Amino acid sequence: MNVMTKSTVTEDGRTIGGVLMAVDNITLRFGGVTAIRGASFDIREGEIRAIIGPNGAGKTSMLNVINGFYHPQEGTITFKGEQRHDMRPHIAATQGIARTFQNVALFKGMSTLDNIMSGRALRMKRNIFWQILYNGPARKEELEHRKYVETIIDFLEIPHIRRTPVGKLPYGLQKRVELGRALAMEPDLLLLDEPMAGMNVEEKEDMSRFIIDINEEFGTTIALIEHDMGVVMDLSDRVVVLDHGDLIADGTPDQVQRNQGVIDAYLGVAHD
Amino acid sequence: MLYRESGQFKTGYAADQAVFPILQDRWGMLVMLAVAFIGVPMIMDDYWANAVFIPFLVYALAALGLNILTGYCGQLSLGTGGFLAVGAYSSYKLMTAFPELDMILVLVGAGASTALVGLLFGLPSLRIKGFYLAVATLAAQFFLIWLFYKVPWFYNYNATGQITVPPREALGFLVTTQNATPIVKYLFVLSVVTVFAIAAKNMVRGRVGRMWMAIRDRDIAAELIGIRPFKTKLMAFTVSSFYIGVAGALIFSVWLGAAESGETFGINESFLVLFMVIVGGLGSILGSFLGAGFIVLMPIGLKNVLVDWFGMSAVFAKHLEITTFGVLIIFFLIVEPHGLARLWQIIKEKLRLWPFPH
Amino acid sequence: MLFFMETVISGLLAGVMYSLVALGFVLIFKASGVFNFAQGVMALFAALTLVGLLSGTTPFTHIDNPAFAMPAWVAIPLTIVVMIVFAILVERFILRHLVNQEQIILFMSMVGLAYVLEGAGDILWGSDVKVIDLGLPQGAWDWLLDGYGLYIEKIELVAAGTAVVLVAFLAVFFQKTRIGRALRAVADDHQAALSVGISLRSIWIIVWSVAGVVALVTGVVWGAKSGIQFSLSLIALKALPVLILGGFESIPGAIVGGLIIGVGEKLAEVYGGEIIVAIFGRWYEIDPGIFSATENWFAYVLALVFLLFRPQGLFGEKIIERV
């Protein structure tokens, strides 16, 4: 599993590189409940990887393990060739893992601009004394990052809400701002937790387009959880299927769709 | 008609990031500063200085400090009284140990000591949140007051247990004791508060402010974009305590001239400053000033109305004042929980469109 | 050893009083999520009202008029009625308008309420220290003093007994009655409770009335010990560390927390100085009396240290954060 694979080229001309992250035999328990049971899979550089499964399958828990919010009892995570038992959230962030949330977790009291600017926190270096002076190096730094953030705002087509407090935005736009905040980190691995939940068809199309563009233009590796099977099958290169904490299938969308275990899990065959 | 931004174009991000992007606001601020530094001193006498302007300014500074912690970083603190006391007592120790020290350095020293103490009492924020943390800060309040009352070293072993300010100068001007002129005292405090207000504005509009607000709004999401909650909270505790420490030093040395731990810096003081922050507006620099003005002026106004106009006895008026104060606070929280700063913002929005209804 | 026993027992008895105040907090917090800072002032106000009625004081003038003096069996129910009216007013003029506000706003409105009530108590009944006489027994418990040499005040035992009865009553009220069930439903989930037809407003009024009665008991018992005066309202501050220890939402927590704080405080006051001197006395000259007057902060520090090891409190469940 951890062996680096050679890069391949997809039909649409993108290059999929070696293994960026390998999740090996992860088990996560809360008291007596096992959320994930010995799951192993990998994410390769440049691909769009989907994690699917019925409700309660352990998908969000898996993302939480990957960016260090939960600490698994067993197993290891290898990211960029570095193997560790678990992550710490800020280490995950410094190493280039960004994330959006199932129920939008924006900074409600701040404007769109400030939310996305906060994604640059790790890249801004001027300490508090420069901040107090403001004029000079702190301002220069602020403006440099502002420029980058403005490209993201343009990319996501949200310049009109730049100064709006995000608490006042409709849900679909909030999701977009949250994506912008994650992008501002210039991540190597972008985790999206149900990016299209609660959206109408038009909004879903926009979001799909953004995801594809991010992957193609910025070359960002993406792992996403999504319930809309149509979207998953269109977007992703490879799919992992979880059910009740077990990894029941892993492969291309076509393979997964034909997998009998997956069909059973979704149609609800009795577990014995 | 007058307050309008049409025709004012920004040509770069720098102009867009300015504190007052609108021309009228910039002028308004300049006029305010001119009035504060030139106009007000013309009418200054002992009464105005000691009853209105200096208390307003020092409380505004304390409110700024608390607003950084509670309004921007979202950590509720009820220990303000205790931190004010640290500022007062450390300034006293500095003044008596180093008689030659300029008052400006005394203030910096007092701020730094308070910042250290604040850092210490901020440590529990690693594990606890919300009201639990608020109660932890009450521990600071009671412990510090007890310390300054129990350990004679802090008040130089004098018999009264009080601390009294010695005459000290700032840049060659006498600023403490009765002998200092009210104008000098006022200008000294005003300058200090102005510098600190600008510094606060600069902090909250940049990277540091965004980190604080991120922790306030969603600490988990903040952590996952690489902001370390503990470090960020401790920074807020430290900076906030620095401000409150300087305010405490000013209360003792310039405004009151004497202090006694529990009497001057009791739990009531903590609530008073918290009221200022909430009535003024959580997470607003302007709000800290508006809140301080409101809370400082209201009792004076109430007393004038009740005693002078209605001829009530002073004791009865005092009780009625307490009740009225409570009623007004509740009224305020119900009508505008976001504070005076929000009201001001709404007025500005209206002004922009005036005289057209939409 | 006897002295130690005495210290522990008097600590336990003081602890019962703390529990009593904490109970008022927990009730309101459970039902409405409001951190009722005014609970202490409520105790003061209730006790002042009771004394006023007992001695026939005319409100506003503060003049005692024996002709209007009421017997206890009239005055006590009447005071309870006053507290119920107060509960209705609080719901009508404060809580109703602050639904769904942030916690800090609710908290500050309670501090505001404390100011209102403090001033109102003074305006209505005067601010001098009052003595309450409900015929509660005074002095030491002879049987213990003679038989075992233990000095325990009768009034403290009466207080403890009252607290136990009150807690038992509340437990039955919450577990067995329809209102109790509705109340627990509201505590669990406001919206779910609303959707099954529970009226939030009437629940609030009931809870605040119960808290008012608890405040009355607290005020009378504390007042009988040390007179009814402004300092009575500060017992609210005593209850906060108890709440930290026990958790804001746990009734057993409030009781056990109160006992721990009571005992810990007494032990620190009696032995703390000696311990400090024993440890640091070699290097510094320390007044053994340094630990007198620690009662203001010791409980807080105790609670704080405890919190660092168990952030969810004594009886709280481990918090699992979700995103």
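Numerical summary
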read-out	value
The listed residue being more than 30 Å from B:Arg218 (Cβ to Cβ) and under 17 Å from the mean Cα position of the chain (by Cα), out of B:Gly74, B:Gly81	B:Gly81
Evaluation of B:Met211 against (1) modelled with pLDDT of 95 or more; (2) surrounded by fewer than 21 Cβ atoms within 10 Å (Cβ to Cβ); (3) facing chain A (nearest Cβ under 8 Å) (one fails), failing number	(2)
Condition check for A:Leu28: within 20 Å of the chain's Cα centre (by Cα), under 22 Å from A:Ala182 (Cα atoms) and assigned by TED's automatic domain parsing to the domain that holds A:Leu224	no
Residue within the stretch C:103-118 that is surrounded by 13 or more Cβ atoms within 10 Å (Cβ to Cβ), touching a Lys or Arg at 6+ places or on another chain (Cβ under 6 Å) and either assigned to a helix (DSSP H, G or I) or at pLDDT below 75 (or both) present	no
The listed residue being more than 14 Å from chain C (Cβ to nearest Cβ), touching a helix residue (DSSP H, G or I) at 6+ places or on another chain (Cβ under 9 Å) and part of a helix (DSSP H, G or I), out of B:Gly71, B:Gly81, B:Gly118, B:Gly122	B:Gly118
Residue within the stretch B:24-42 that is small (Gly, Ala, Ser), at pLDDT 90 or above and closer than 16 Å to B:Ile285 by Cβ present	yes
B:Phe237 vs. criteria buried (at least 20 other Cβ atoms within 10 Å of the Cβ), closer than 21 Å to B:Thr137 by Cβ and touching a helix residue (DSSP H, G or I) at 6+ places or on another chain (Cβ under 9 Å)	yes
Selection count, the stretch C:33-52, where residues are within 14 Å of another protein chain (Cβ to nearest Cβ) and small (Gly, Ala, Ser)	3
Test for A:Gly180: is it within 13 Å of chain B (Cβ to nearest Cβ) and surrounded by 20 or more Cβ atoms within 10 Å (Cβ to Cβ)	yes
Any helices (runs of 4 or more DSSP H) falling wholly within the stretch A:59-160 and containing at least 1 residues that are basic (Lys, Arg) and within 12 Å of another protein chain (Cβ to nearest Cβ)	A:137-155
Among (1) outside any strand (DSSP E or B); (2) within 11 Å of the chain's Cα centre (by Cα) - the single one A:Glu205 does not satisfy	(2)
A:Val256 being buried (at least 17 other Cβ atoms within 10 Å of the Cβ), among the hydrophobic types (A, V, I, L, M, F, W, C) and over 29 Å from A:Lys80 (Cα atoms)	no
Residues located in the stretch A:95-118, provided they are in contact with a helix residue (DSSP H, G or I) (Cβ under 8 Å, 6 or more places away or on another chain) and within 30 Å of A:Gln83 (Cβ to Cβ)	A:Ile97, A:Ala98, A:Arg99, A:Thr100, A:Phe101, A:Gln102, A:Ala105
Test for C:Ala211: is it more than 14 Å from chain B (Cβ to nearest Cβ) and buried (at least 20 other Cβ atoms within 10 Å of the Cβ)	yes
Members of the stretch B:310-358 that are of a type in the set (A, V, I, L, M, F, W, C), more than 9 Å from chain C (Cβ to nearest Cβ) and more than 21 Å from B:Gly291 (Cα to Cα)	B:Phe310, B:Met312, B:Ala314, B:Ala317, B:Leu351, B:Leu353, B:Trp354, B:Phe356
Qualifying residue in the stretch B:257-264 (condition: in contact (Cβ under 8 Å) with a residue 40 or more places away in the chain, over 22 Å from C:Gln101 (Cα atoms) and within 12 Å of another protein chain (Cβ to nearest Cβ))	yes
Residue ID - farthest from A:Ser61 (Cα to Cα), chosen from residues in the stretch A:12-43 that are assigned to a loop (DSSP other than H, G, I, E, B) and in contact with an Asp or Glu (Cβ under 8 Å, 6 or more places away or on another chain)	A:Arg14
C:Leu117 being within 14 Å of chain B (Cβ to nearest Cβ), of a type outside the set (Lys, Arg) and within 22 Å of the chain's Cα centre (by Cα)	yes
Residue satisfying condition, being assigned to a helix (DSSP H, G or I), among the polar types (S, T, N, Q) and under 26 Å from C:Ile205 (Cα atoms), within set C:Ser19, C:Ser10	C:Ser19
Of residues in the stretch B:266-309 being in a loop (DSSP other than H, G, I, E, B) and within 14 Å of chain C (Cβ to nearest Cβ), the one surrounded by the fewest Cβ atoms within 10 Å (Cβ to Cβ)	B:Gly266
Filter result (at the interface with chain B (Cβ under 8 Å from one of its Cβ atoms), at pLDDT below 70 and more than 25 Å from B:Gly266 (Cα to Cα)) within the stretch C:264-323	C:Glu321, C:Val323
Some residue of the stretch B:153-167 being in contact with a Gly (Cβ under 8 Å, 6 or more places away or on another chain), of a type in the set (Ser, Thr, Tyr), more than 14 Å from B:Leu57 (Cα to Cα) and in a helix (DSSP H, G or I)	yes
Selection status of A:Asp264, closer than 12 Å to A:Pro54 by Cβ and assigned to a helix (DSSP H, G or I)	yes
Some residue of the stretch C:232-243 being more than 9 Å from chain B (Cβ to nearest Cβ) and modelled with pLDDT of 85 or more	yes
Some residue of the stretch B:131-148 being of a type outside the set (A, V, I, L, M, F, W, C), assigned to a helix (DSSP H, G or I), under 22 Å from the mean Cα position of the chain (by Cα) and within 14 Å of chain C (Cβ to nearest Cβ)	yes
Single residue of the stretch B:158-206 satisfying the filter (without any contact (Cβ under 8 Å) to a residue 12 or more places away in the chain and within 18 Å of the chain's Cα centre (by Cα)) that is nearest to B:Trp255 (Cα to Cα)	B:Ser191
Residue list for the stretch C:38-73, restricted to those being crowded, with 24+ Cβ neighbours inside 10 Å and assigned to a loop (DSSP other than H, G, I, E, B)	C:Ala38
Selection status of A:Pro165, in contact with a strand residue (DSSP E or B) (Cβ under 7 Å, 6 or more places away or on another chain) and either among the basic types (Lys, Arg) or within 15 Å of A:Gly109 (Cα to Cα) (or both)	yes
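The values are calculated or read from the model by the stated rules, or taken from the named source; none is laboratory data. Fair warning: this is a prediction, and the values are worked out from it, not measured in the lab. Note that each Cβ is placed from the backbone with ideal geometry, even for glycine, and that neighbours are counted across all protein chains shown.
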